[in-house]
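Visitor: Could you have a look at this structure, given as structure tokens, before my questions?
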Amino acid sequence: MIPLVDIGINLAHDSYERDRAEVIARARRAGVVAMIVTGSTLDDSARAIALCRGVPGMLRATAGVHPHHATTLQQSDAPRLAELLADPMTVAAGECGLDYYRNFSPPAEQRRAFGMQLRLATEHRRPLFLHQRDAHADFLAMLREHPDLASRAVLHCFTDGVGELEDCLAAGLHIGVTGWVCDERRGQALREAVTRIPEDRLMLETDGPYLLPRTLQPKPPHRRNEPMYLPLVLAAVAQCRGQAPEAVAAAATANACRFFGLTLGTVVAADGTSTYELL
Ligand SMILES: [Zn+2]
């Protein structure tokens, strides 16, 4: 089995509070050997880093503030965010970006918080873990002001179509694909777009606890997504691209390791079985 990396999992989320260890164990049994734990507020990023310290052979974190929470990020928070970004468990700045779909924070506040995080990511030489919804033009305009950063950035949970994809690829972005691709109806544009992602720009993620793949059968009663379902995302992406799942898995894992600076080593247990661990 080719090892997988889930590049976007909100493992600090409350819904994993009572069974987080089992969620991690189930992921490993499903072949998900490493996960990037998404930080979406300052406190959440600190929790993500703490989780990584508990399972350093498998977990790394991002540190940042989601556009929904943009109003909570003040200039006076810059030193704390810088400290989170400098943590050895942190492998990317984010998730950050723009989300005009619900505007939980006003757009102007979102642009201010995003700009602040772009500057900090540049200073701390961190790759970017990006979020964008219904804000394509403003998002790309801001990224184009940081061309070096854009080529070291992944747009997570890409859900748009071919046109937006071409713009993102031209800007230099890597593309994260979630279980949205498993939705035959809602994911139609994405299912076409994934056929156009160059093999060296593609990564896979669950974005759990959100976006339970619609191809999961039978459906669990709770509807909570978790990293053990990443192979369903892989299967859908491979099917759309007309590639073998093994080929897509190998490419996506190599991309994730290169992008986030991860090194996967093989560890042999006492019983002779071997597993992968982050070194
Ligand atoms: Zn997101």
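Visitor: Would you confirm, using the coordinates I've provided, whether Asp19 is over 16 Å from Met89 (Cα atoms) and free of Cβ contacts under 8 Å to residues at least 40 places away in the same chain?
Guide: Numbers: over 16 Å from Met89 (Cα atoms): yes; free of Cβ contacts under 8 Å to residues at least 40 places away in the same chain: yes.
Yes: the conditions hold for Asp19.
Visitor: Is there any pair with a first residue in segment 122-146 that is among the polar types (S, T, N, Q) and a second that is at pLDDT below 95 whose Cβ atoms are under 8 Å apart and which are 6 or more apart or on different chains, and what are they?
Guide: From segment 122-146, the pairs are Thr122/His146; Thr122/Asp148; Thr122/Leu149.
Visitor: Continuing with this model, one more query. Exactly one of these conditions fails for Cys168: (1) surrounded by 16 or more Cβ atoms within 10 Å (Cβ to Cβ); (2) touching a residue at least 40 places away in the same chain (Cβ under 8 Å). Give me its number.
Guide: So Cys168 meets the others, but not (2).
Visitor: Considering only segment 170-185, I want to know if a residue exists there that is within 25 Å of Pro106 (Cα to Cα), within 15 Å of the ligand (Cβ to nearest atom) and out of contact with any helix residue (DSSP H, G or I) (no Cβ under 6 Å at 6 or more places or on another chain). It would help to see each step written out before you state the result.
Guide: Kept after step one, since they are within 25 Å of Pro106 (Cα to Cα), are these residues of segment 170-185: none.
Taking every residue of segment 170-185 in turn, none turns out to be within 25 Å of Pro106 (Cα to Cα), within 15 Å of the ligand (Cβ to nearest atom) and out of contact with any helix residue (DSSP H, G or I) (no Cβ under 6 Å at 6 or more places or on another chain).
Visitor: Among the residues of segment 17-34, is there at least one that is modelled with pLDDT of 95 or more and within 16 Å of the ligand (Cβ to nearest atom)?
Guide: No.
Visitor: Taking interchain pairs and intrachain pairs at least six residues apart, which have beta carbon atoms under 6 angstrom, with the first residue in segment 186-198 and of a type in the set (Gly, Ala, Ser) and the second part of a helix (DSSP H, G or I)?
Guide: That search, which allows pairs on different chains as well, returns Gly187/Trp180; Gly187/Val181; Ala193/Val162; Ala193/Leu165.
Visitor: Answer yes if at least one residue in segment 21-44 is aliphatic (A, V, I, L, M), closer than 26 Å to Ala153 by Cβ and more than 18 Å from the chain's Cα centre (by Cα), and no otherwise. Steps first, please.
Guide: Initially, segment 21-44 is screened for residues aliphatic (A, V, I, L, M), giving 21, 23-25, 27, 30, 32-37, 42.
Next cut, closer than 26 Å to Ala153 by Cβ only: 27, 32-37, 42.
With more than 18 Å from the chain's Cα centre (by Cα) added as a condition, the list becomes none.
No, that holds for no residue.
Visitor: May I pose another question? For residues that are more than 16 Å from the ligand (Cβ to nearest atom) and either in contact (Cβ under 8 Å) with a residue 60 or more places away in the chain or not aliphatic (A, V, I, L, M) (or both), tally how many sit in segment 38-54. Even if it seems obvious, please write down each step before you answer.
Guide: Looking only at segment 38-54, we keep the residues that are more than 16 Å from the ligand (Cβ to nearest atom), and these are 42-43, 46-47, 49-54.
From the residues that got through so far, the ones that are either in contact (Cβ under 8 Å) with a residue 60 or more places away in the chain or not aliphatic (A, V, I, L, M) (or both) too are 43, 47, 52-54.
Number satisfying all stated conditions: 5.
Visitor: Oh, and also: Restricting the first residue to segment 213-236 and requiring it to be more than 21 Å from Met203 (Cβ to Cβ), which pairs with a second residue that is part of a helix (DSSP H, G or I) meet a Cβ separation below 8 Å and a spacing of at least six or different chains?
Guide: Qualifying pairs under 8 Å: Arg224/Ser15.
Visitor: Could I ask something else about it? Which one of these does Gly172 not meet: (1) closer than 23 Å to Leu211 by Cβ; (2) at pLDDT 95 or above?
Guide: In the conditions (1) closer than 23 Å to Leu211 by Cβ; (2) at pLDDT 95 or above, Gly172 misses (1) alone.
Visitor: Could you tell me whether any residue of segment 17-31 is within 24 Å of Val248 (Cβ to Cβ), crowded, with 24+ Cβ neighbours inside 10 Å and of a type in the set (D, E, K, R)?
Guide: So the first thing to find is which residues in segment 17-31 are within 24 Å of Val248 (Cβ to Cβ), and the list is 23-24, 26-31.
Narrowing further to those that are crowded, with 24+ Cβ neighbours inside 10 Å: 27.
Now restrict to residues that are of a type in the set (D, E, K, R): none.
Checked against the condition, which is being within 24 Å of Val248 (Cβ to Cβ), crowded, with 24+ Cβ neighbours inside 10 Å and of a type in the set (D, E, K, R), segment 17-31 yields no hits at all.
Visitor: Can I ask one more? For Ala61, indicate whether it is hydrophobic (A, V, I, L, M, F, W, C), part of a helix (DSSP H, G or I), more than 18 Å from Leu173 (Cα to Cα) and away from the ligand (no atom under 13 Å from the Cβ). Quick ask: steps written out before the conclusion?
Guide: Values: hydrophobic (A, V, I, L, M, F, W, C): yes; part of a helix (DSSP H, G or I): no; more than 18 Å from Leu173 (Cα to Cα): yes; away from the ligand (no atom under 13 Å from the Cβ): yes.
For Ala61, the condition - hydrophobic (A, V, I, L, M, F, W, C), part of a helix (DSSP H, G or I), more than 18 Å from Leu173 (Cα to Cα) and away from the ligand (no atom under 13 Å from the Cβ) - is not met.
Visitor: Determine the pairs where a residue that is free of Cβ contacts under 8 Å to residues at least 60 places away in the same chain, located within segment 252-275, has a partner that is in a strand (DSSP E or B) and small (Gly, Ala, Ser) with Cβ atoms under 6 Å apart, the partner being 6 or more residues away or on another chain.
Guide: Thr266/Ser274; Val268/Ser274
The values are calculated or read from the model by the stated rules, or taken from the named source; none is laboratory data. Note that the structure is a prediction, hence the values are computed from the model and not measured. When we count neighbours, we look across all protein chains shown, and the Cβ atoms used for this are built from the backbone with ideal geometry, even at glycine.
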